[in-house]
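No value in this document is a laboratory result; all are computed from the given coordinates. Values in this document were obtained by computation on a predicted structure and should not be read as measured data. Please note: Cβ atoms are built from the backbone with ideal geometry, for glycine as well, and neighbour counts cover all protein chains shown.
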Amino acid sequence: MLAHLLLVLNVSFVILNSAFCSIIICAIAVLKVLLPTAKLKARATQLANKVMWLWATLNAGVLSLSNRVEWDIEGGEQLKKDGWYLMISNHLSWTDIVVLCCVFKDRIPMPKFFLKQALMYVPFIGMACWALDMPFMRRYSREYLLRNPHKRGQDLETTRRSCKKFKHTPTTVVNYVEGTRFTPEKQKKSRAGYDYLLQPKTGGIAYTLAAMGEQFENIIDVTLAYPENTHKPFKDMLMGRMTKIVVRIRILPVDEKVSGDYFNDKPYKRQFQQWLGDVWQDKDDVLKQIHK
């Protein structure tokens, strides 16, 4: 009974918190359009990011009050608030967004997520993410692209436009490289050879690096795990049942391994795919140790 009461209270608070912060962010976005100079627009963006920080801080408070969580965090000590970073992470549930914001909100610029197009229509959340310049990606199946070849490459064009907006304010760009949330069913279907991960997709991260690679100071490789709440971590968190959150942070350099023409240089493309495959294999090994 207590768990279900917590579920109702936490869902209500999250909705109210998201609605309140989203309305403020959207108001700032309207103001930003009317401002006459790039400098003033950048100030408006910074103000919107502070509201997102407030949203993350309030969510973190609910998480800590509702759950007796053991946080197990390693790495990332050298990160700073005024840098530009590309963050890559495995993706397990909606909990990931809350956890990443909680862990990194005071270490680096507020994360900007690559989101599925469908989230644009989620009340309050979609509007706020749009106002924060987060890119919305529309995923097309192979069959759809064969029937509509003119749609090919549109996600990459969206990435390019979004990255332009990130060049003037310190930013953390987050890419869930697998493109979807992990489930055992998807893992079996992918036949990727990993125990706890799906096959990483190289196109989006490669284009982000092509657009902003010189500006990124580092790549932040994050490994997330909820070893005692593996099946429904978001619901467990809202019901006060989350017991342990594991976060492993590894800082990778932006060097020649990730600097090249992915879309026109085939040898570099193979090299980049190999590099990401190695990163993902290391991540899978880390997850094996965590779940032991």
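Okay, here's what the table says:
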{"item": "Size of charge dipole - the chain - debye, nearest 20, with Cβ of Lys, Arg +1 and Asp, Glu -1, no other charges", "result": "980"}
{"item": "Helical segments meeting 15 Å axial Cα length and Kyte-Doolittle 0.0 threshold in the chain (DSSP H)", "result": "2-34, 38-66"}
{"item": "Charge dipole of the stretch 1-123 about the Cα centre (unit charges at C-beta), most positive-ward option of 117, 28, 61", "result": "28"}
{"item": "Convex hull (Cα only) mean projected area of the chain, reported in nm² to one decimal", "result": "16.1"}
{"item": "Gained length - residue 5 relative to residue 20, 0.36 nm times residue gap less alpha-carbon distance", "result": "3.1 nm"}
{"item": "Net length gained if the chain between residue 251 and residue 289 were fully extended (0.36 nm per residue, minus Cα distance)", "result": "11.7 nm"}
{"item": "Antiparallel bridge percentage (DSSP; both residues within the chain; nearest 5)", "result": "25"}
{"item": "Ellipticity estimate at 222 nm from DSSP helix runs (n ≥ 4, -39,500 (n - 2.57)) divided over the chain, nearest 500", "result": "-16500 deg cm²/dmol"}
{"item": "Equivalent-ellipsoid semi-axes of the stretch 21-132, from the Cα gyration tensor, Å, largest first", "result": "26, 18, 14"}
{"item": "Globularity index of the stretch 154-241, i.e. its alpha-carbon radius of gyration over 2.2 N^0.38 Å", "result": "1.34"}
